[in-house]
Amino acid sequence: MTVSDTDFNKALEIGRPPNIVKLFPNSRGLLVSGKFIDLALTAKGKAMTIAANGRNNFVIRGALMAAQKANAAIIIEIARSEGGANAYCPTNYWNIARQVDQACNELKITIPVAIHADHYGIKKESDIPFAKIEIPTIFEAGITSIAIDASHMTDDKNLLANLELNEFIPDWAGLETEIGEIKGSQGLSAAPEALFLIKGLNAFNIFPNWIALNNGTTHGLEASGQGIQVELTSEIHEALSPYKVSGAQHGTSGNSSERLREIAQKTRTTKANVATALQMISWGLEVNDYGNAILDDNGNFQKVKGEGVTEEMWQSMVAYADERSWKTGSYKNLNLIFENKFMGQPAAIRERMCKRVEDFVYNLLVNVFNAGDSADLAIDAIIKANSYDPGPKAEKMEDPAEWTKEKIIAKAAEIDTDKGPAGDFDD
């Protein structure tokens, strides 16, 4: 399936939100609200698409090429830790839309793409005043969807932070919220805390597209084998079904294809974040069939000769990390330091970096996530809405009088769930 030129041109005319039109008035890139991506995968059913963390330009290009080949609507994202004010990646909140739009025009990408600010972290209440200043700037720079992640705080403060920041998010933008820090097998999320957050938002006409959970996964390399808890995820999603919120699956790197198929088939997940795997693949490291880097007997990464960066470049990356005593989990910091050096490699090297990402992402989209041909459904949704904003999926069900600040604090105190150990967990 592919949409007609007429439908694509119509979607291009009406589907790009105001910030994108202002930034790229003559563009042929179909950058859209995250709402349309969620709608498309929901319409397909038992399907989710990749939210590719574009830690470097090669990941962005490769993911876009894969989505075009699969005719899949996708999300390109970067998290605040990766691309915020203290970034360790060259891609950041303020240049990601520009990189995606440029690639869409150069590569003739015609599938709908959302630009997502992932994990906009609020770790303490004192973070909120600065967020009120910074969030508008990232939408000015082309963000079309955002995840407000105040999951590091208690349930009441999480909800109150989401409420306080919502006025700084355009109504047309995709919205994700989160409960439970990503702590692997510890502090697993439960339905009561998910319902608390979604009901509290609903009372004030806030209808998130996605909710992210701590459902047993980890960020980075999956070493424990615990992985995503499918039944737990399904149970929570079912409890939330009256509120029509989809799931966002974080930390997919290192989970088996079988596990990820189950998430697509058995839960209401429409968005699956993939970060670490794509970085490793673009560099040319040896990975297993689901993107987890394979280490040698000494715990070191293994470079595949003739794949990814040049062998000389990889040796310089390893040397740089060794000088700083960086372990495997810290190699992500090489993205910012080496991006310009990557760009200075011959065209054939740069192209093979992108192609390796393309092949991996294409397999995920078509054979694991069931996202093939979802691009048509997103374009259909744009044309049906005749707007860059389809409006909310859900409707108001909760009484705001029951969700005053005092009642929020009291309701939160009644939630008895295991939050896991304290600590500054990676987002």
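Which of the three applies to region 301-427, rounded, prolate or oblate, going by the alpha-carbon gyration tensor with a ≥ b ≥ c and a/c under 1.5 meaning rounded? Oblate, since a/c reaches 1.5 and b/c is not below a/b.
Contact order for region 227-295, expressed relative to its length and based on alpha carbon pairs under 8 Å spaced 6+ residues apart, stands at 32 percent.
Across region 78-186, the convex hull enclosing all Cα atoms gives 118 Å³ per residue. Restricting the calculation to alpha carbons of the chain gives Rg and Dmax of 20.4, 64 angstrom.
Straight-distance candidates among the aspartates and glutamates for linking to residue 411, with alpha-carbon spacing under 12 Å and chain neighbours fewer than 8 residues away dropped: 155, 156, 193, 402. With a Förster radius of 56 Å applied to the C-beta separation of residue 128 and residue 312, the computed FRET efficiency comes to 0.75. For region 226-333, the fraction of alpha-carbon pairs lying more than 23 Å apart is 41 percent, rounded to a whole number.
Over all pairs of different C-alpha atoms, region 1-154 has a mean inverse distance whose reciprocal, the Kirkwood radius, equals 15.9 Å. Rounded to the nearest Hz, the phi-derived 3J(HN,Hα) couplings of region 19-27 under the Karplus curve 6.51 cos²θ - 1.76 cosθ + 1.60 (θ = phi - 60°) are 5, 6, 4, 5, 6, 10, x, 10, 6, where x marks glycine and proline. Fewest-first ordering of 145, 81 by other beta carbons within 10 Å of each residue's beta carbon gives 81, 145. Cβ crowding within 10 Å, taken as a proxy for footprinting-reagent exposure, orders 384, 393 from fewest neighbours to most as 384, 393.
For 116, 237, the sequence from fewest to most other C-beta atoms within 10 Å is 237, 116.
Protection proxy ranking of 305-314, 238-247, by the mean of other Cβ atoms within 10 Å over each peptide's residues and highest first, is 238-247, 305-314. Over region 18-174, Cα pairs under 8 Å with separation of 6+ residues give a relative contact order of 28 percent.
Laboratory data are not the source of any read-out in this text; all were calculated from the coordinates shown. Bear in mind that the values here come from a model prediction, so they are computed numbers and not experimental data. Note: ideal-geometry Cβ built from the backbone for every residue, glycine included; neighbour counts use all protein chains shown.
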